[in-house]
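> First the structure, then my questions, so here it is.
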Amino acid sequence: MADALKNPSETDLEAVLEGGGGVPGVIPAQLDRLLNFGASFSFWPLLFGLACCAIEMMSCAGPRWDIARFGMEAMRASPRQADGMIVAGWISVKMAPRVIRLYEQIPDPKWVLVMGSCATSGNIWNTYNVVQGADAIIPVDVYVPGCPPRPEALWQGLELIRDRVKQGRHAYDGMRTIPARVAIGE
């Protein structure tokens, strides 16, 4: 068996290249797809609650909705241990540099979920001191609407993040500049 793998005959190579056969005991796959599949079942978001939406985010980790079944219960307080960020609540102009700093400290690849009308669009806080949408400062992958959104809606948003992790897609794919880097002057 080992000799056949080390020195395959021309007919064996032709069969593998044509797709008619394969190497016994080997499943062809792309490494990045395997890694993305594994990472999708261990998404650890950064715990970052800014307003009332954070209460709904915390209840999603409770016994009734229990996101621990899907490997997402490890909400990290350190951005260097997180895979992504859940922005729960409105972002004030004073807090925006900290949001940018935390986003930049999350290692690549990273995903961002924004929950609540205030974080999505500013909602009723159309004032000088509230950022009108988190996508003005960081790239956002998934928006969860509501004021505040129910835990089921957050769960659905996390499932959408899981799909993006499996596909290896990010909000910052194809962007020339990330808004956060422009905001801090890079």
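The values are calculated or read from the model by the stated rules, or taken from the named source; none is laboratory data. Quick caveat: nothing in here was measured; it's all calculated off a predicted structure. Cβ sites come from the backbone with ideal geometry, for glycine too, and all protein chains shown count toward neighbours.
> When you scan region 169-180, do you find a residue that is under 18 Å from the mean Cα position of the chain (by Cα), closer than 26 Å to L35 by Cα and either of a type in the set (K, R) or at pLDDT 85 or above (or both), even just one? Full working, then the answer.
So the first thing to find is which residues in region 169-180 are under 18 Å from the mean Cα position of the chain (by Cα), and the list is 169-175, 178-180.
Add one more test, that the residue is closer than 26 Å to L35 by Cα, and what stays is 169-175, 178.
Checking the rest, the ones that are also either of a type in the set (K, R) or at pLDDT 85 or above (or both) come to 169.
Yes, region 169-180 contains at least one residue that is under 18 Å from the mean Cα position of the chain (by Cα), closer than 26 Å to L35 by Cα and either of a type in the set (K, R) or at pLDDT 85 or above (or both).
> Can you name every one of the helices (runs of 4 or more DSSP H) wholly within region 1-92 that holds 1 or more residues which are at pLDDT below 65 and of a type outside the set (D, E)? Give the steps one after another, and end with the answer.
Numbers: elements: 2-6, 10-18, 31-40, 53-60.
Hits in region 1-92: 2-6, 10-18.
> Filter region 147-158 for residues that are surrounded by fewer than 16 Cβ atoms within 10 Å (Cβ to Cβ) and in contact (Cβ under 8 Å) with a residue 24 or more places away in the chain; which is nearest to G122 (Cα to Cα)?
From region 147-158, those surrounded by fewer than 16 Cβ atoms within 10 Å (Cβ to Cβ) are 147, 150, 152, 156; that's our starting set.
Of the ones still in play, those that are also in contact (Cβ under 8 Å) with a residue 24 or more places away in the chain are 147, 150, 152.
Numbers: C147: 11, R150: 18, E152: 22 Å.
Among them, the one singled out is C147.
> List pairs: first residue in region 112-130 and more than 18 Å from L102 (Cβ to Cβ) and part of a loop (DSSP other than H, G, I, E, B), second residue modelled with pLDDT of 80 or more and of a type in the set (S, T, N, Q) anywhere in the structure, Cβ distance under 6 angstrom, at least six positions apart or on different chains.
Partner pairs satisfying both residue conditions: G122/Q132; N123/S117; N129/S92.
> Let me ask another. What number of residues within region 137-167 are assigned to a helix (DSSP H, G or I) and either more than 23 Å from R101 (Cβ to Cβ) or at pLDDT below 85 (or both)? Write out each step before concluding.
Initially, region 137-167 is screened for residues assigned to a helix (DSSP H, G or I), giving 151-167.
Right, trim to either more than 23 Å from R101 (Cβ to Cβ) or at pLDDT below 85 (or both) and you get 151-160, 162-167.
Of the residues in that region, 16 qualify.
> Filter region 126-140 for residues that are of a type outside the set (D, E, K, R) and either farther than 11 Å from I91 by Cα or surrounded by 16 or more Cβ atoms within 10 Å (Cβ to Cβ) (or both) and give the result.
Filtering region 126-140 down to residues of a type outside the set (D, E, K, R) leaves 126-134, 136-140.
Matches in region 126-140: N126, T127, Y128, V130, V131, Q132, G133, A134, I137, I138, P139, V140.
> Would you check if there is a residue in region 71-79 being touching a residue at least 40 places away in the same chain (Cβ under 8 Å) and surrounded by 13 or more Cβ atoms within 10 Å (Cβ to Cβ)? Give the steps one after another, and end with the answer.
To start, the set of residues in region 71-79 that are touching a residue at least 40 places away in the same chain (Cβ under 8 Å) comprises 72.
Okay, now just the ones that are also surrounded by 13 or more Cβ atoms within 10 Å (Cβ to Cβ), so 72.
Looking through region 71-79, at least one residue is touching a residue at least 40 places away in the same chain (Cβ under 8 Å) and surrounded by 13 or more Cβ atoms within 10 Å (Cβ to Cβ).
> If you don't mind, there's one more thing I want to ask. Does region 93-108 hold any residues that are in a loop (DSSP other than H, G, I, E, B) and exposed (fewer than 13 other Cβ atoms within 10 Å of the Cβ), and which are they?
So in region 93-108, the residues in a loop (DSSP other than H, G, I, E, B) come out as 93-95, 106-108.
The answer is V93, K94, P107, D108.
> When region 28-61 is examined, which residues are found to be touching a residue at least 60 places away in the same chain (Cβ under 8 Å) and more than 14 Å from the chain's Cα centre (by Cα)?
Across region 28-61, the qualifying residues are D32, R33, L50, A51, C52, C53, I55, E56, M57, S59, C60.
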